[in-house]
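Enquirer: Got a structure here, written out as structure tokens. Questions coming.
The values are calculated or read from the model by the stated rules, or taken from the named source; none is laboratory data. No experiment lies behind these values; they were computed from the predicted model shown. No Cβ is skipped: glycine too gets one built from the backbone with ideal geometry, and neighbour counts run over all protein chains shown.
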Amino acid sequence: MLDLKFIRENIDSVRESLAKRQDSAPLDEILELDRERRQKVTELEDLRHSRKEVSKNSQVATDEGRNLRLKIRTLEEDARTIDKQLEGLLLQIPNIPQPTVPIGKGEEDNVVVRSWGEPKKFDFEPAPHWKLGETLGVIDFERGVKLSGSRFYVLKGLGAHLQRALISFMLDLHTSEHGYQEVYPPFMVKRECLTGTGNLPKFADNLYHDDEDDLWFVPTAEVPLTNLHRDEIIPPGILPLYYVAYTACFRREKMSAGKDTRGIKRGHQFDKVELYKFTEPATSNEELEKMITAAEEVCQKLKLPYRVLELCTAELGFASTKSYDIEMWAPGCGEWLEVSSCSNCDDFQARRANIRYRPSPDAKPQFAHTLNGSGLALPRVLIAIMETYQQADGSIVIPEVLQPYVGEKVIR
């Protein structure tokens with residue numbers, strides 16, 4: 001959430017930010033409500049002063065004091081109503097991109113900043129993962145649809161084992177080599193958790209929701225990890241905090257209707273290992289670079305070619321000020337697949353979730369900066385492995401780093 005005072009004093013910059021994002025927000029309505037609220041606050045202060053003066057004169061205090069109390073109560077209720085309206089409108093404004101973010105109108109304006117490895121050359125026509133999965137009996141699309149409908153599938157045998165191996169490998173790597181603390185959070189959270197991250201109210205249509213208990217299935221572990229420290233003041237000397245978590249993720253995928261209907265690239269349920277950081281403002285961009293490097297190391301250890309893109313203004317997530325994507329090459333599909341998106345949200349989520357820290361014991365609490373990133377997201381890594389490591393006979397070699405986790409070298 002953007003600070004209301006910041007919006008008031010920098011309205012032109014906020015409008016420019018929205019234009020760069022190809023987005024919109026009710027700025028004029030916010031400014032009008034803000035003026036109305038400040039006027040009512042001034043009136044309240046005057047009335048409270050008058051009531052204090054009247055109370056000194058016992059002869060007129062009763063009737064006039066009663067009238068003043070009634071006016072004060074009315075104004076206070078008006079101010080509370082405006083506060084609630086303002087809060088709802090402020091939640092609709094996306095974060096402001098950092099000045100160095102490339103300006104663009106779509107994914108074609110994202111900038112490739114580096115790449116690693118060369119796409120594998122085959123002496124046969126590489127098959128897509130959906131064909132490999134069905135032939136080898138490790139992906140069952142028909143039974144996934146029978147169980148849950150479209151965009152669901154079942155992993156079986158070594159397919160399920162390989163998925164589990166990837167999760168364990170990534171968690172082990174990030175905890176043992178990159179300094180992250182593992183967390184196993186709930187997969188359902190309260191409404192305020194999604195408001196804190198910026199998923200609500202804007203993306204409500206893309207989330208799964210239990211109406212009776214007002215619990216929401218997580219779209220990513222970013223949501224529970226952000227809210228670990230909601231409404232807290234983190235003591236001095238604690239930041240940065242590094243967390244890593246595996247969760248299943250649930251999304252309606254309404255925004256991608258009709259896209260990627262074949263295979264397992266885009267489903268309503270998928271697994272992901274999420275990286276998360278709470279940092280001081282001065283170091284957050286440095287910590288973002290470290291986060292993307294940690295995610296890249298997963299790709300390198302799997303020996304899968306990838307590229308890193310800096311996202312342009314129009315492609316930034318709602319809460320992000322600066323983001324990088326990692327894309328792996330999938331030779332069977334013939335496309336680059338996003339397997340990670342790492343973002344610096346500055347204090348945007350911290351304001352919404354009221355997450356503060358003390359720079360020193362006597363210092364005034366400040367809002368922390370939050371960062372999130374996939375380290376990495378499945379099943380797209382699984383797709384890249386299947387299609388890159390496939391053999392002419394239809395078998396799939398298991399990446400060397402995963403063989404101890406799987407106990408096999410080849411899926412036949």
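Enquirer: Scan the stretch 90-102 and tell me whether some residue there is modelled with pLDDT of 90 or more, farther than 30 Å from Ile326 by Cβ and outside any loop (DSSP other than H, G, I, E, B).
Expert: Looking through the stretch 90-102, at least one residue is modelled with pLDDT of 90 or more, farther than 30 Å from Ile326 by Cβ and outside any loop (DSSP other than H, G, I, E, B).
Enquirer: Turning to a different aspect of this structure: Tally up the residues in the stretch 1-32 that are outside any helix (DSSP H, G or I), without any contact (Cβ under 8 Å) to a residue 40 or more places away in the chain and surrounded by 13 or more Cβ atoms within 10 Å (Cβ to Cβ), please.
Expert: Going through the stretch 1-32 one residue at a time, the tally reaches 1.
Enquirer: While we're looking at this one, here's another question. Cβ-Cβ below 6 Å, separation at least six or inter-chain, first residue in the stretch 182-195 and under 20 Å from Gln349 (Cα atoms), second among the β-branched types (Val, Ile, Thr) and in a strand (DSSP E or B): which pairs?
Expert: Phe187/Thr247
Enquirer: Here is a follow-up. In the list Lys121, Lys84, which residue meets the criterion of being over 26 Å from Gly394 (Cβ atoms) and of a type in the set (D, E, K, R)?
Expert: Lys84
Enquirer: Among the residues in the stretch 350-357, are any aromatic (Phe, Trp, Tyr), closer than 21 Å to Val273 by Cα and modelled with pLDDT of 95 or more?
Expert: No: the stretch 350-357 contains no residue that is aromatic (Phe, Trp, Tyr), closer than 21 Å to Val273 by Cα and modelled with pLDDT of 95 or more.
Enquirer: Search the stretch 276-301 for residues being in a helix (DSSP H, G or I) and of a type in the set (Asp, Glu), and hand back the single one that is farthest from Phe367 (Cα to Cα).
Expert: Top of the filtered list is Glu297.
Enquirer: Taking only pairs six or more apart or across chains, which ones have beta-carbon atoms under 8 Å, a first residue in the stretch 143-157 that is surrounded by fewer than 13 Cβ atoms within 10 Å (Cβ to Cβ), and a second residue that is in a loop (DSSP other than H, G, I, E, B) and of a type in the set (S, T, N, Q)?
Expert: Ser150/Thr261
Enquirer: Within the group Ala165, Ala160, which residue is crowded, with 17+ Cβ neighbours inside 10 Å and touching a residue at least 12 places away in the same chain (Cβ under 8 Å)?
Expert: Ala165
Enquirer: Has the stretch 364-380 got any residue that is more than 24 Å from the chain's Cα centre (by Cα) and within 26 Å of Leu91 (Cα to Cα)?
Expert: Taking every residue of the stretch 364-380 in turn, at least one turns out to be more than 24 Å from the chain's Cα centre (by Cα) and within 26 Å of Leu91 (Cα to Cα).
Enquirer: Just a yes or no: is a residue in the stretch 220-233 assigned to a strand (DSSP E or B), over 16 Å from the mean Cα position of the chain (by Cα) and farther than 30 Å from Gly159 by Cβ?
Expert: Yes: one or more hits.
Enquirer: Quick one: which residue in Asn285, Asn227 is in contact with a Cys (Cβ under 6 Å, 6 or more places away or on another chain) and surrounded by 15 or more Cβ atoms within 10 Å (Cβ to Cβ)?
Expert: Step by step, each of Asn285, Asn227 is checked, and only Asn227 is in contact with a Cys (Cβ under 6 Å, 6 or more places away or on another chain) and surrounded by 15 or more Cβ atoms within 10 Å (Cβ to Cβ).
Enquirer: Quick check on this structure: which one of Val111, Val60 is at pLDDT below 95, loosely packed, with under 15 Cβ neighbours inside 10 Å and β-branched (Val, Ile, Thr)?
Expert: It is Val60.
Enquirer: Part of a helix (DSSP H, G or I) and assigned by TED's automatic domain parsing to the domain that holds Trp329: is that true of Glu134 in this structure?
Expert: yes
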